[in-house]
Amino acid sequence: MNFTNGLVGILVANPAQRKYVLNQYLRHGKSGMKLFSFTPSSIDWKRRTVVGLHRSGGKWAIKKFPFPQVVYNRCYGTDPKLIGRLGAAIGDDKLFNQINQLNKLDIYNSLSRWLDDYLPETVPYSPENALRMLERHRVIYLKPFYGYQGKRVYRAELKPSGEIHIGHHYFNPKTVAKTPAEFLQNAQKLIGSTPYIVQRGIPIRQIDGHVFDIRSLV
């Protein structure tokens, strides 16, 4: 592909992210290549143009561009229909990072074929599964299938007294349920109709009273 006068677009979720995301890539731009960031709402499908933010002459500017030759998707949780339409317009092989949010249950099911002994038990959320896992493990996590930076993750712990404490991660409990039925009612209010998983809680190490973990970005 010839990038002598190439247009590379970076798709972001909203206008507030345009400058922040684009600024991370400007130093990698080569002579003759123009980098700009844009949002799904800035696409004019009929005229095949995009309104985007770019940097020119040391200044930030908004400009209308023709469809870019290449798009890098930084819009997490993107509508699959939008990605399909954009890929059809410029070519699927020119649209990178099409899948950028993974289903936690699918990941578990795939990895457990080889690593079952090393993974916390994970099942789709249902009232029956939640109570069974809570009784078996005493501490469980409720997580959305498609999570993002720990948002909307809830921790439930069955205490020796029979109370069930529900909260965010390791903070003080948000609610205290006296009975399993009350726990299920509270859980349903928190998760609504969003698909969730139930995952066994595992002990988290601490340093000087502060929780930490080590992650590998693959």
Checklist entry - If you check 119, 86, which single one turns out to be within 25 Å of the chain's Cα centre (by Cα), modelled with pLDDT of 90 or more and over 23 Å from residue 14 (Cα atoms)? => result 119
Item to check | Residue tally, condition free of Cβ contacts under 8 Å to residues at least 24 places away in the same chain, outside any helix (DSSP H, G or I) and more than 30 Å from residue 186 (Cα to Cα), over the stretch 99-128 | outcome: 1
Checklist outcome for this item: Filtering the stretch 25-65 down to residues that are in a strand (DSSP E or B), in contact (Cβ under 8 Å) with a residue 12 or more places away in the chain and of a type in the set (Ser, Thr, Tyr) yields 37, 49
Checklist outcome for this item: Checked against (1) in contact (Cβ under 8 Å) with a residue 40 or more places away in the chain; (2) within 18 Å of the chain's Cα centre (by Cα), residue 187 satisfies every condition except (2)
Checklist entry - Can you name the condition, by its number, that residue 200 falls short on among (1) under 27 Å from the mean Cα position of the chain (by Cα); (2) exposed (fewer than 10 other Cβ atoms within 10 Å of the Cβ)? => result (2)
Item to check | Flag if residue 125 is surrounded by 12 or more Cβ atoms within 10 Å (Cβ to Cβ) and touching a Gly at 6+ places or on another chain (Cβ under 8 Å) | outcome: no
Checklist entry - With 125, 141, 146, 154 as the choices, which residue is closer than 20 Å to residue 101 by Cα and touching a Lys or Arg at 6+ places or on another chain (Cβ under 6 Å)? => result 141
Checklist outcome for this item: Checked 194, 179 against criteria (of a type in the set (S, T, N, Q), touching a residue at least 40 places away in the same chain (Cβ under 8 Å) and in contact with a strand residue (DSSP E or B) (Cβ under 9 Å, 6 or more places away or on another chain)); the one match is 194
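The values are calculated or read from the model by the stated rules, or taken from the named source; none is laboratory data. Note that this is a predicted model, so its numbers are computed, not measured. Glycine gets a Cβ as well: all are built from the backbone with ideal geometry, and neighbour counts include every protein chain shown.
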